[in-house]
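The values are calculated or read from the model by the stated rules, or taken from the named source; none is laboratory data. Just so we're clear, the structure is a prediction, and the values are computed from it rather than from any experiment. All Cβ positions, even for glycine, are placed from backbone atoms using ideal geometry, and neighbour counts span all protein chains on display. Note: areas computed on protein heavy atoms with side chains; ligands, DNA, RNA excluded. Shrake-Rupley method; radii C 1.70, N 1.55, O 1.52, S 1.80 Å.
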Amino acid sequence: MKKNTHPTLIEVARKAGVGTTTVSRVINGGDRVSPNTLAHVLSVIESLGYTPNQAARTLKGHRTKTIGLVVPSIADPFFSSCVEAAQAVARANDSLLIVTTTQNNPHTEIESLNVLIRHRTDGLLIAPANSQGSALRDLLSRIVIPTVSIDRPIYNSLVASVVVDNFKGANIATRHLIEHGYKRIVCLTGESTLYTIRERINGYREAIEAAGLPCLLDTSVMDYKSTEDAIKGLLASPSPPDAIFALKNSTTIYAFEVLQKLNVRVPDTIALLGFDDFELASTVRPSISVIEQPVEEMARIAAELLFKQLLDGGKAVHPARSKKAEVVKLETRLIRRRSCGCLSSSA
């Protein structure tokens with residue numbers, strides 16, 4: 001039989017001249033171990049090249065040092081930025097980030113979470129496909145794994161969340177277009193069941209109604225073709241819009257490309273303002289005005305909240321505050337560029 005070349009905890013203890021309990025304490029941070037013994041055992045561990053058996057440690061109730069992140073897509077720059085920020089926090093806490101995507105499909109989301117749970121993931125970060133979904137809420141209520149939601153809350157649950165003030169951001173954007181004198185502002189979007197989109201629609205609608213203007217909402221946009229069809233239909237109507245407010249960065253990009261293709265002058269014929277900044281927004285001509293979200297900050301705060309829960313013993317909430325989930329709401333920023341009619345690119 002081939003000899004196992006991986007040194008064991010017993011071999012470390014034998015060579016160091018200490019008990020296995022002492023070696024275990026050294027591996028787990030050195031609690032109740034004298035400085036001299038700690039230094040000696042660490043030296044032996046290094047000389048033998050010993051590494052703890054993570055699978056065995058997991059079975060004994062130790063942390064796996066893994067964090068699960070469940071997002072709709074990593075092709076979307078918004079969520080890829082979330083992944084980068086969360087991974088930096090995980091690394092700083094000596095943990096591995098495992099990323100899985102759902103394409104905003106609640107069924108896929110539950111399947112992904114069950115896989116992460118079976119692998120004994122220490123904690124979960126999730127951008128829920130459906131904030132009001134009972135299946136997700138019920139699953140998370142049955143497990144003891146600390147969880148924090150990103151970008152979208154989980155209603156009627158005790159799961160902490162870090163979100164952006166989507167309502168206020170959309171309201172500010174709409175009022176900015178109104179202040180420019182635009183009177184037929186169409187709100188262009190898709191995925192109107194998502195929490196973020198619903199909040200943005202509500203912010204747009206509140207500003208429009210306060211100004212006594214017609215509410216022009218088109219929720220048919222899913223890709224370039226549907227964006228092109230929507231804009232062509234709007235331009236052919238008896239009262240075409242004089243401004244477009246796009247509720248996602250991909251929708252903003254599609255709308256800009258369609259207007260360029262149709263030789264519609266921006267902002268002279270139609271103004272354009274989008275929700276979410278993106279890499280080329282400041283360099284295309286005309287440059288595109290946007291509502292900027294603090295994406296990296298949101299993911300960083302969410303990951304830090306999760307590790308705080310882990311350090312607190314995995315308790316997501318304190319007993320005195322257990323009737324309400326913690327919600328961190330971050331502000332957006334209007335970046336004024338040429339496409340809305342502003343002459344300056346400064347914020």
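Laid out as a table, the results:
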{"item": "A281 being modelled with pLDDT under 95 and in contact with a strand residue (DSSP E or B) (Cβ under 6 Å, 6 or more places away or on another chain)", "result": "yes"}
{"item": "From the options V144, V162, residue that is open to solvent by 40 Å² or more (accessible area, probe 1.4 Å), in contact (Cβ under 8 Å) with a residue 24 or more places away in the chain, under 20 Å from L310 (Cβ atoms) and hydrophobic (A, V, I, L, M, F, W, C)", "result": "V144"}
{"item": "Which listed residue, of H107, H180, is over 30 Å from A271 (Cβ atoms) and over 16 Å from the mean Cα position of the chain (by Cα)", "result": "H107"}
{"item": "Qualifying residue in the stretch 207-229 (condition: of a type in the set (G, A, S) and in contact (Cβ under 8 Å) with a residue 40 or more places away in the chain)", "result": "no"}
{"item": "Top-ranked residue of the stretch 1-10 - restricted to ones that are hydrophobic (A, V, I, L, M, F, W, C) and surrounded by fewer than 16 Cβ atoms within 10 Å (Cβ to Cβ), ranked as modelled with the highest pLDDT", "result": "I10"}
{"item": "Positions within the stretch 11-49 being open to solvent by 70 Å² or more (accessible area, probe 1.4 Å), charged (D, E, K, R) and over 24 Å from N93 (Cα atoms), in sequence order", "result": "R14, K15"}
{"item": "Filter result for S192 (within 24 Å of the chain's Cα centre (by Cα), polar (S, T, N, Q), under 20 Å from F79 (Cβ atoms) and assigned to a strand (DSSP E or B))", "result": "no"}
{"item": "Test result for R200, at pLDDT 95 or above, part of a helix (DSSP H, G or I) and surrounded by 21 or more Cβ atoms within 10 Å (Cβ to Cβ)", "result": "yes"}
{"item": "Residue list for the stretch 272-307, restricted to those being among the aromatic types (F, W, Y) and closer than 24 Å to F245 by Cβ", "result": "F275, F278"}
{"item": "Residue match in the stretch 300-317 (condition: within 29 Å of A75 (Cα to Cα), modelled with pLDDT of 95 or more, in contact with a Ser or Thr (Cβ under 8 Å, 6 or more places away or on another chain) and open to solvent by 30 Å² or more (accessible area, probe 1.4 Å))", "result": "no"}
{"item": "Pair list, Cβ < 9 Å and 6+ apart or interchain, from the stretch 291-305 residues that are β-branched (V, I, T) to residues that are assigned to a helix (DSSP H, G or I) and open to solvent by 30 Å² or more (accessible area, probe 1.4 Å)", "result": "I291/I172; V295/P77; V295/S81"}
{"item": "Test set (1) part of a helix (DSSP H, G or I); (2) open to solvent by 20 Å² or more (accessible area, probe 1.4 Å); (3) touching a Gly at 6+ places or on another chain (Cβ under 7 Å) - A170 fails condition number", "result": "(2)"}
{"item": "Candidates I244, I231 - the one that is within 18 Å of C342 (Cβ to Cβ) and surrounded by 24 or more Cβ atoms within 10 Å (Cβ to Cβ)", "result": "I244"}
{"item": "Residues that are aliphatic (A, V, I, L, M) and either open to solvent by 40 Å² or more (accessible area, probe 1.4 Å) or farther than 23 Å from F78 by Cβ (or both), drawn from the stretch 247-263", "result": "I253, L262"}
